[in-house]
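Okay, structure first, notes after.
The values are calculated or read from the model by the stated rules, or taken from the named source; none is laboratory data. Since we're looking at a predicted model, the values are computed, not measured. Here the Cβ positions follow ideal geometry from the backbone for every residue, glycine too, while neighbour counts run over all protein chains shown.
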Amino acid sequence: MIEQKWPHALWIVRHGQSAGNVARDAAEAASLPLIDIVTRDVDTPLSQLGERQSRALGRWFERLPRGESPTVVLCSPYVRAIATARLICTTAGIANGEAALVADERLREKEFGILDRYTRQGIVQKFPELAAQRALVGKFQWNPALLGHGESDRPDPADSAPYNYKARVIDNAFDWGDDISPSVPERAIHST
């Protein structure tokens, strides 16, 4: 019989509202070209609302019947994703050895390259040709990190991010070798 590595249930959870989401919304509402935030994207914390959202979801998981809670929690290494996952686990009571929290680089946000911190209006104003490409290809398929911006016509081969599509993670996410040895997960959470 072939061993199943796929979980019986998979919950996909987006991180709670972040300080970056708040700053972006404020910049968009004011028609500003740039998002006013001092942290790097990877270091952006949750907002107070994001913390409340994470705890609320933790309470939902806490109410699940015994044995239906996640046994593995995967998240990106971004501060907001780790905070979301930890708050969910702590609130749900699944952080005491019952669930393994794994930060996986392959689950991180896509790179925005030179467009980082620009609002939609800012992109149209400063980079109209890129805005047109994004409109043509679509928000989710378009990846500015794959575009050359004067230094090179090809992405840096040392940067695996443009090629690490999130769908690839699921196939091997449950084969950790000697790093962690949980049982085959019955339930899993993914927080990006």
Condition (residue is within 28 Å of K139 (Cβ to Cβ) and in contact (Cβ under 8 Å) with a residue 12 or more places away in the chain) applied to the range 60-73: is it met by at least one residue? yes
Conditions (1) part of a strand (DSSP E or B); (2) surrounded by fewer than 15 Cβ atoms within 10 Å (Cβ to Cβ) -> V102 fails only (2)
Being out of contact with any Cys (no Cβ under 8 Å at 6 or more places or on another chain), at pLDDT 75 or above and loosely packed, with under 11 Cβ neighbours inside 10 Å, is that true of even one residue in the range 144-160? no
Subset of the range 37-83, residues assigned to a helix (DSSP H, G or I), of a type outside the set (A, V, I, L, M, F, W, C) and within 18 Å of K110 (Cβ to Cβ), comes to D41, D43, R80
Of the residues in the range 22-59, those that are more than 16 Å from L115 (Cα to Cα), under 18 Å from the mean Cα position of the chain (by Cα) and not charged (D, E, K, R) come to V22, T44, P45, L46, S47, L49, G50, Q53, S54, L57, G58
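Take the conditions under 22 Å from G20 (Cα atoms) and crowded, with 20+ Cβ neighbours inside 10 Å and apply them to R52. Does it pass?
Numbers: under 22 Å from G20 (Cα atoms): yes; crowded, with 20+ Cβ neighbours inside 10 Å: no.
In short, no.
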Scanning the range 1-27 residue by residue, those touching a helix residue (DSSP H, G or I) at 6+ places or on another chain (Cβ under 7 Å) and in a helix (DSSP H, G or I) turn out to be G20
Sole miss for G93 among (1) within 24 Å of W142 (Cα to Cα); (2) without any contact (Cβ under 8 Å) to a residue 40 or more places away in the chain is condition (1)
Which condition breaks for E105 when tested against (1) under 26 Å from K5 (Cα atoms); (2) in contact with a His (Cβ under 8 Å, 6 or more places away or on another chain); (3) not hydroxyl-bearing (S, T, Y)? (2)
